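Enquirer: Take this structure first; my questions come after.
Quick note: the coordinates plus some simple rules give every number you see, no bench work behind them. All values derive from a computational prediction rather than experimental measurement. Here Cβ is always computed from backbone atoms with ideal geometry, including for glycine, and neighbour counts include all displayed protein chains.
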Amino acid sequence: MKGIIRHAATAAVLLAVVLAGCRPTPDGPSPEPVATRPVQAVELLVADLRRNDLVAYARHALPPALHTRIEGRWREGATIWPLSELPLHAQLPAMLAALAAPESEQVLMEKYRAQFAGAHGELRSTAAALGLFAAQYVQGEPRYSDSERDHYVQTIAALGRWGQQAPLGDPERAQALLSALAPAARATRLAEPGAFAQAGMVDSLTRLGPFANAFKQVLAAQYGLDLDAALDSVRVEETARTGDQARVRLRYTLAGTGVDTEVRVERHGNRWYLTDLLRHAQAQAEAAGPIAPAVAPAAPPPAG
């Protein structure tokens, strides 16, 4: 069903492009959406993620001057923001390299069969242990604000429940995942050392958009983790405002579990931005040298 919907949507877009050529051209391009209200600071970023438009996400998340500084730091190899907002972002280049390697589908599948195939009970125990460990790590990590800790702990709990039920030990599903992600990783052309810095922020994020889409689609189809459905379920409302500072309530459903938290936003000029994203990007823009990504200590093995 999802494949039919995707193909139908593609056909509709192509038809719209063709028909657009038969109509008078508009006076100019559509105006760039801007967050002139606190809730729009969240809504814009959610819409960007839903479209897998990581370039727009970076543009909407930062004031222009800070965006330019981050772009320069990216080319210096000092940051991969906004990818650094992802969990385990330090492993992203290595993951892309492993997936993009020749015959990675076969090589990685052999490793999976040797270590994880059929190990449903062990994988469920590991998911539970990792959930507890990750929550403890987030609670004690000084980089995070109180609102970030509250949000992350809720998402970790939701993903932990999903992981304890997901068919992670099914070889056929693992094969489908690798068959989708390996070619998508090769298409990014970001597997070589230094590729992110050489490509720069905009080009790198552009190449990663299709990979993000492939990742979301295979998670939903094979493991029941529908991230697009979570994004579609987002509801936001302004709860407080004092001058250029505001708070926005964020609610959505992730893997069947409700998440209800607040995020802080602030105004620069006539636009609103998420405070924590600004803080993280500012820290990376001002760092004196190459930034060592924060990596959580090794998780303990599951009990039993």
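Enquirer: Could you calculate the contour length gain from K111 to S233, that is, 0.36 nm times the residue separation minus the distance between their Cα atoms, to one decimal place in nm?
Expert: 40.3 nm
Enquirer: Only counting other Cβ atoms within 10 Å, I'd like D203, D146 sorted with the fewest neighbours first.
Expert: With the sparsest Cβ surroundings first, the list reads D146, D203.
Enquirer: Turning to a different aspect of this structure: Extension gain S179-D203, at 0.36 nm per residue separation less the Cα-Cα distance, in nm?
Expert: Full extension of this stretch gives 6.2 nm more.
Enquirer: Points 7 angstrom from Cα along the Cβ direction at A221 and A187: gap in nanometres?
Expert: Roughly 1.2 nm, to one decimal.
Enquirer: Still on this model: Zone of L132 (label point 7 Å along Cα→Cβ, backbone N under 15 Å): which residues in the range 154-182?
Expert: 157, 160-161, 164
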